[in-house]
1. Which ones in segment A:60-91 are within 14 Å of another protein chain (Cβ to nearest Cβ) and assigned to a loop (DSSP other than H, G, I, E, B)?
2. When you scan segment B:335-357, how many residues do you find that are of a type in the set (S, T, N, Q) and modelled with pLDDT under 95?
3. Any residue at all in segment B:74-88 that's farther than 29 Å from B:ASP231 by Cβ, crowded, with 19+ Cβ neighbours inside 10 Å and of a type in the set (A, V, I, L, M, F, W, C)?
4. Within segment A:110-127, can one find any residue that is open to solvent by less than 20 Å² (accessible area, probe 1.4 Å), of a type in the set (Val, Ile, Thr), assigned to a loop (DSSP other than H, G, I, E, B) and touching a Gly at 6+ places or on another chain (Cβ under 7 Å)?
5. Which one is nearest to the chain's Cα centre (by Cα), of the residues in segment A:23-41 that are modelled with pLDDT of 95 or more and assigned to a loop (DSSP other than H, G, I, E, B)?
6. Which numbered condition trips up A:VAL94, out of (1) open to solvent by less than 30 Å² (accessible area, probe 1.4 Å); (2) under 23 Å from A:GLU62 (Cα atoms); (3) assigned to a helix (DSSP H, G or I); (4) not small (Gly, Ala, Ser)?
7. Take the residues in segment A:157-190 that are more than 10 Å from chain B (Cβ to nearest Cβ) and closer than 22 Å to A:TYR107 by Cβ; name whichever of them is surrounded by the most Cβ atoms within 10 Å (Cβ to Cβ).
8. Where the second residue is of a type in the set (Phe, Trp, Tyr) and the first is assigned to a helix (DSSP H, G or I) and lies in segment A:1-22, which pairs have Cβ atoms under 7 Å and are six or more apart or on separate chains?
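The values are calculated or read from the model by the stated rules, or taken from the named source; none is laboratory data. All figures in this text were calculated on a predicted structure; none of them were measured in a lab. Please note: Cβ atoms are built from the backbone with ideal geometry, for glycine as well, and neighbour counts cover all protein chains shown. When the accessible area is computed, the model is the full protein with side chains, heavy atoms only, and any ligands, DNA or RNA have been set aside. Shrake-Rupley method; radii C 1.70, N 1.55, O 1.52, S 1.80 Å.
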Amino acid sequence: MSIFADENTKVIYQGLTGSQGRYYGLLNREYGTQVVAGTNPKKAGTDVEGIPIYATVAEAKEATGATASCIFIPAPFVKAAVMEAAEAGLELVVVITEGVPAHDEAYFFNKVKQDFPGTRILGPNCPGLISPGKTNIGITAGHIAKPGGPVGIVSRSGTLTYQALYELQQKDIGVTTCVGIGGDPVPGTSFIDCLEAFEADPETKAVMMIGEIGGSAEEEAAEFIKNNMTKPVAGYIAGVTAPPGKKMGHAGAIVSGGKGTAAAKIEALEAAGALMGENPTEAGELMAKIVAELA
Amino acid sequence: MDLLEFQGKQFFASYGIPVSDGDATTSVDEAVEIADRVGYPVVVKAQVHTGGRGKAGGVKLAENADEAREHASNILGLDIKGHIVEQIWVEHASDIAEEYYASFTLDRSAKQHLGMLSAEGGVEIETVADENPDAIAKIHIDPVVGLTEQQCRDWVEAANLNPNATEGAVDILMKLYTAYVEGNADLCEINPLILKPTGEVHALDAKVSLDANAIFKHPDYEAYDATQPRDEREKAAHEKGLQYVGLTGSVGVIANGAGLAMSTVDVVNQVGGAPANFLDIGGGANAEVMANALTVINNDPAVKSIFINIFGGITRGEEVANGIIEATKRVEIDSPIVIRLDGTNAEQGREILQPHLSEGLLMEDTMLSAARRAVELAK
């Protein structure tokens, strides 16, 4: 099984008529994702390579029975796009766009949680999710992931997510679902949400978790692992040697006031029983060991 | 984006928060004119992006024009922790009865806004948090609802400020929350927030950090972006639109993606080297971006070797390889380059690079071996 999305998930691409949306929307369709519609109020009635464009998410959902959307809308319009998807009753809203203001994220996270509790937001500023062999919603290169299981992946960083998928593929290890939660201050889906879903998924037998400096999401995940996870976890934290006060690319990746350091995160995760690698390759090797022992 | 004190005070003033009458200047003569206008005594304050100004002699009280002139000329040009003072702020000195602390920031863990208020101001809030955590009254604010006046009143009461300060504090905190939200701030902090003997409440300092992602809502923030502290290397990278952070070592680092770039910096350290920088060239790796990145790194005199660490995702290995070769043709590079190329079509990419390899362009199979090689070459 996979978490959050599978081969039956019908997806609307908000921003399918833009260059990024079109490029990745078509790549995702090629992979096997059910890309059933796009939205653009000015281009309703047209199509992108056979994918119909509707004026609104509600109309697209009505016409296609879609339950998910993938957002490639420019940052200034993301808040409205997320609310439109939630109001239309979608269950999963994947926000690829980077550069969304933190206050917008804080607003739509809380608004959706309160008024549309059935909607899950993933991102913003994330690579999306891939259930290898079934569906790929976002910008991950599909062919670097081996379908099947037994590993689930959750990561805060894009390229390190790809690196993790690739390391496992090289070791002939399959993945149930790989979720990129994104590097922004208010991610719609947290490490814990993913760990909980992987723990409940019978096909996922072990979880690989990739974090980075900043915030306390990894420490909270460690607490969850300690108290709620029966499945083994291997992981890696980027930014061990990052100087305090310097933002390392991601809006969330900053060590401030001695908090959010890699050392603290690694210590918390190790105390929770996770095996932590010093680099992505070592984390992949640790996961290979875990998988070998599962058999 | 961190604002200088005077920018923060002007930002506060634009939301109606009372700040001291003053102005910023780069000249001694003008400093005296400002002092004459706002009335003595005045405080002359260095405007730099670092703390510890007072200890470094960057904050001085002047009773008259002669003193104002003396302090202004001493402080302008002063070196405070490597920051040369180019600008000073001159304001009318305030009488202080009590000093408080107030701030709004985003609590990423709670995913709500966090307000902190303390009767123990004027010192570092981290110190108060460590030594006397009960002295800080905290509230969480739902971004959907915002801060209500009743909530604000209860909060002020919980902080045990002098009762004379209640009305003034509620007024300032409501305005500060508006500034924080409408201004898309990551942090709005007043330390100290003062109660004057005459009963008014007043922001004596301003620490403001704004969300650079919100520039589209506030085109005037471009001006703040221009005054961010950046060294020469960071300035050059910023102009090219590169995600660059200057570090102090000798191994130049280029990687695609923030996570991988951070990881590369880590690995260079782990094998006993010291990275000269963090540089994320983003998802793709075309010749132009690569050439820009190599130019910035090559201009750093501390760099002795360059480590290019690329993971091909959607961008295929052969495109990355061609981009690197094209870039090295465009830019004359003084240091040896070590490439690690992995991911999609890495094999094809490596084949393309093979005939171009030399003493100045090396290739390694793994991130670790490439890091070791680059570190050796930097010695």
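1. A:PHE72, A:ILE73, A:PRO74
2. 3
3. The answer is no, given that none of the residues of segment B:74-88 is farther than 29 Å from B:ASP231 by Cβ, crowded, with 19+ Cβ neighbours inside 10 Å and of a type in the set (A, V, I, L, M, F, W, C).
4. no
5. Only one residue fits best here, namely A:THR33.
6. (3)
7. So the residue we want is A:GLY182.
8. As it stands, the answer is A:GLN20/A:PHE72; A:GLY21/A:TYR13; A:GLY21/A:PHE72, since those pairs meet every condition given.
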